[in-house]
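Asks: The structure follows.
All of the numbers you see were taken from the coordinates with simple rules; none came from a lab. Nothing here was measured: the structure is a model prediction, and the numbers come from that model. All Cβ positions, glycine included, derive from the backbone under ideal geometry; neighbour counts span all protein chains shown.
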Amino acid sequence: MSQFLRLALAILVSLTAGCKSAEDFARNNSATAEWLRAHAGSPGLKVAGAWHSDDWGDAQFKQQGSRVTGILGGYPVGGVLNGSRLYLAITENGWTSYTAILTERPDGALAGTYSRSVPFSIEEERVIRLTRPGN
């Protein structure tokens, strides 16, 4: 095999190594839906509107009952409320890359942790805090 063909093959393998199959997407979407369904409940807070995270950037949420949709730092999000907790699935190109659990704090902020796992994993959690602009 010529050096050019070996190089082309190596590039092709490296480019396709990160590709996700339709089955991978189906499993990811199913796990996300199941995780959100398991945590859905009666909303105990209102999260619609603008938010900000020092780490993630600006956020904008819409709320319909216990369902939440919107954008967090440029990432589409979908989630559910249950009491004073917000459960979010954060996606990239249709793939849920992060899950987050946030709780309303006395100062009105939403604070908690996020994980690069579906469902949420405490082994990979990192802190996240959202505040209303101007607070």
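Asks: Could you list R129, R67 so that the one with the fewest beta carbons within 10 Å of its beta carbon is first and the one with the most is last? Kindly include the intermediate steps, with their values, before the conclusion.
Replies: Numbers: R129 17, R67 14.
Fewest-to-most Cβ neighbours within 10 Å comes out as R67, R129.
Asks: Using a basic spin-label model with each label point 7 Å from the Cα along Cα→Cβ, how many nm lie between S30 and R67?
Replies: 2.2 nm
Asks: On to the next question. Roughly what percent of Cα-Cα pairs across the chain reach past 20 Å? Display every interim value, and only then the final one.
Replies: Working: 4452 of 9045 pairs.
Here the tail beyond 20 Å accounts for 49 percent of pairs.
Asks: Report, to the nearest 10°, how far helix 22-39 tilts away from the longest principal axis of the Cα atoms in the chain, using its own Cα long axis and a range of 0 to 90°.
Replies: Orientation of helix 22-39: about 10 degrees from the principal axis.
Asks: Most fluctuating residue of K46, K20, K62 in a GNM of the chain with Cα springs under 10 Å: which is it?
Replies: K20
Asks: Then there is this: Give me the distance in nm between label points sitting 7 Å out from Cα along the Cα-to-Cβ direction at A40 and S97, one decimal.
Replies: 2.6 nm
Asks: Another question, then. Could you work out the helix-only [θ] at 222 nm for the chain, with each DSSP H run of four or more residues adding -39,500 (n - 2.57) and the total divided by the number of residues, to the nearest 500 deg cm²/dmol? Let's see the in-between values first.
Replies: Numbers: 2 runs with 32 residues, N = 135.
The helix-only estimate for the chain comes to -8000 deg cm²/dmol at 222 nm.
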